[in-house]
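Report on the structure given below.
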Amino acid sequence: PGKTTFDSKISPLLKSKCTPCHTNGGQQANFESFSTAKSKITEIIKRVELSPSDPGFMPKNRSKLSTSEIDQLKAWSSELSGS
């Protein structure tokens, strides 16, 4: 386990699950940068926790993130906020 860092856990997760749509040439925010991911992490968690049939679910038209992947995002968010 250990600390969930952006470079070791979060960036690879966002690149594999989010950047197919969220890139400079695509839709919305580009989550490849630490600052953008940090500013959007609460919204990211909210949307990946939705059911695939819910409006706003992400990743759109793709499989729901695993519980482990969502837990990594939550752990990173907690570490950012000092919780």
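A few notes on this one:
- Tilt relative to the chain, helix 67-81 - C-alpha long axis, 0 to 90 degrees, to 10: 50
- Computed [θ] at 222 nm, helices only, for the chain once each DSSP H run of length n ≥ 4 contributes -39500 (n - 2.57): -14500 deg cm²/dmol
- Calculated on C-alpha atoms, the gyration radius of the chain divided by its Kirkwood radius gives an Rg/Rh of 0.94.
- Calculated accessible area for the chain comes out at 62 Å² per residue, all protein chains present (probe 1.4 Å; ligands, DNA, RNA ignored).
- Most tightly packed first, judged by the mean number of other beta-carbon atoms within 10 Å of their residues, the peptides 45-52, 70-77 read 70-77, 45-52.
The values are calculated or read from the model by the stated rules, or taken from the named source; none is laboratory data. Everything numeric in this text was worked out from a predicted model, so none of it was measured. Glycine also receives a Cβ, built like all others from the backbone with ideal geometry; neighbour counts cover every protein chain displayed. When the accessible area is computed, the model is the full protein with side chains, heavy atoms only, and any ligands, DNA or RNA have been set aside. Shrake-Rupley method; radii C 1.70, N 1.55, O 1.52, S 1.80 Å.
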